[in-house]
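The values are calculated or read from the model by the stated rules, or taken from the named source; none is laboratory data. What you see is a predicted model, and the numbers here were worked out from it, not measured in a lab. Backbone-built Cβ (ideal geometry, glycine too); neighbour counts: all protein chains shown. Side chains included, ligands, DNA and RNA excluded: accessible areas come from the protein's heavy atoms. Shrake-Rupley method; radii C 1.70, N 1.55, O 1.52, S 1.80 Å.
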Amino acid sequence: QSAGYWWSSDMVNWNFVKPTGLNVVKYAPSVLVIGDTMYYTSSENGDIYKTDDPKSGVWTTVRTNTGFQDPYLFLDDDGRVYCYTGLAAHGSISVVELDPNNNMSPIGSSTVLISSNKAENGYEVFGDDNTDYDGDSWFEGAIMTKHNGKYYLQYAVPGTDMRSYCDGYYVSDSPT
């Protein structure tokens, strides 16, 4: 593990940064830029960090122990920030709005958006050939994107060690 990150101004020459105040040795990182500030979070405990100068490598803690698992930070066109999270067997993907003006504090409670539905989504069934209906399919890796006014929630299932590991997605008119 490099315990750092790289940046380039031309995609040919790269510069390594070993950060301070940021624990990058975690799984499933997510980065969000709002104005001149970059935010970082990752799985395991969901701590959120920020920097105004990522090239310097100096980061400060914004929020600790959020409990987010496989978090993904999303900035909507209206300036609202959401965190999509989920990592569990027979799990679900949830969303919570965060307040960027108040240290990314949750606004309201978390809402479950989708849950495991093996009966209708055969690709969610556990096993290399999606045949083990009693197996523990994993929901994880939520990502939200927006295109032409539609929101696309992507997630990974049934498990990283399965040959059938894939992404599913749902489409909505709302980020929640």
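Identify which of the listed values of Cα extents along the principal axes in Å was calculated from the structure shown: (i) 49, 35, 33; (ii) 48, 40, 24; (iii) 77, 35, 26.
(i)
Less than 12 Å Cβ to Cβ from residue 39, Lys/Arg counted +1 and Asp/Glu -1: what total charge do the surrounding residues give? Numbers along the way, then the final one.
Working: positive: 50, 63; negative: 36, 47, 52.
Every neighbour counted, the sum reads -1.
Can you give the local net charge around residue 29? Use residues other than it whose beta-carbon is closer than 12 angstrom to its beta-carbon, Lys and Arg +1, Asp and Glu -1. Don't skip to the answer; put the middle values down first.
Numbers: positive: 26; negative: 44, 47, 70.
It works out to a net charge of -2.
Please report, in debye to the nearest 20, how large the charge dipole of segment 1-68 is about its Cα centre when each Lys and Arg carries +1 at its beta carbon and each Asp and Glu carries -1 there.
Details: 5 positive and 6 negative charges, 31 e Å.
For this selection, approximately 140 debye.
Convert each backbone phi in segment 83-88 into a coupling constant with the Karplus relation 6.51 cos²θ - 1.76 cosθ + 1.60 (shift: θ = phi - 60°), then list the ³J(HN,Hα) values in order as whole Hz, x for Gly and Pro.
10, 9, 8, x, 6, 6
In nm, give the distance between the simple-model label positions of residue 37 and residue 133, each being 7 Å from the Cα along the Cα-to-Cβ direction.
That separation, rounded to one decimal, is 5.0 nm.
Residue 77: accessible area at probe 1.4 Å, nearest 10 Å²?
Only protein atoms counted, so the area is about 130 Å².
Among 96, 131, 86, whose Cα sits farthest toward the positive end of the charge dipole of segment 78-148 (+1 at Cβ of Lys/Arg, -1 at Cβ of Asp/Glu, about the Cα centre)?
Positive-end residue among those listed: 96.
Long-range amide H contacts for residue 128: which residues qualify at under 5 Å (H placed 1.01 Å from N, peptide plane, sequence gap of 5 or more or a different chain)?
Long-range HN contacts for residue 128: 163.
Do any chymotrypsin sites (Phe, Trp or Tyr not before Pro) in segment 118-176 lie in a loop, going by DSSP, with at most 16 other beta-carbon atoms within 10 Å of their beta carbon, and if so which?
Working: sites: 123, 126, 133, 138, 139, 151, 152, 155, 165, 169, 170; in loops: 133, 165.
Passing both the DSSP loop test and the Cβ count: 133, 165.
Under the definition of Cα pairs under 8 Å and six or more residues apart, what whole-number percent is the relative contact order of segment 14-102? Working shown, then result.
Details: 180 pairs, mean separation 19.3, N = 89.
Relative contact order here is 22 percent.
Give me a comma-separated list of calculated 3J(HN,Hα) values for segment 61-74, in order, Karplus coefficients 6.51, -1.76, 1.60 applied at θ = phi - 60°, integers in Hz, x for any Gly or Pro.
Going residue by residue, I get 7, 9, 8, 10, 6, 5, x, 5, 10, 6, x, 9, 8, 9 Hz, with x marking Gly and Pro.
Normalising by the residue count of segment 51-111, find the relative contact order in percent from Cα pairs under 8 Å and 6+ residues apart. Could you put the intermediate results ahead of the total?
On the way: 81 pairs, mean separation 13.7, N = 61.
So the answer I get is 22 percent.
Pull up the DSSP beta bridges for segment 31-176 and report the antiparallel fraction as a percent, rounded to 5.
On the way: 43 of 43 bridges.
Expressed as a percentage, antiparallel bridges in segment 31-176 total about 100.
What lysines sit close enough to residue 55 to cross-link, taking a C-alpha to C-alpha distance under 27 Å and skipping anything fewer than 8 places away on the same chain?
18, 26
Charges at C-beta only: +1 for Lys and Arg, -1 for Asp and Glu. How large is the resulting dipole of segment 105-150 about its Cα centre, in Debye rounded to 20? Write down the numbers at each step before the final one.
Details: 3 positive and 8 negative charges, 115 e Å.
With only Lys, Arg, Asp and Glu charged at Cβ, the dipole is about 560 debye.
Using DSSP to define loop residues, name the chymotrypsin sites (Phe, Trp or Tyr not before Pro) in segment 1-102 whose beta-carbon has at most 15 other beta-carbon atoms within 10 Å. Working shown, then result.
Numbers: sites: 5, 6, 7, 14, 16, 27, 39, 40, 49, 59, 68, 72, 74, 82, 84; in loops: 14, 27, 59, 68.
Sites meeting the loop and neighbour criteria: 14, 27.
Just the number please: accessible area per residue for the chain, 1.4 Å probe, all protein chains included, in Å². Each step should come with its number before you reach the end.
Values: 9590 Å² over 176 residues.
That works out to 54 Å² for each residue.
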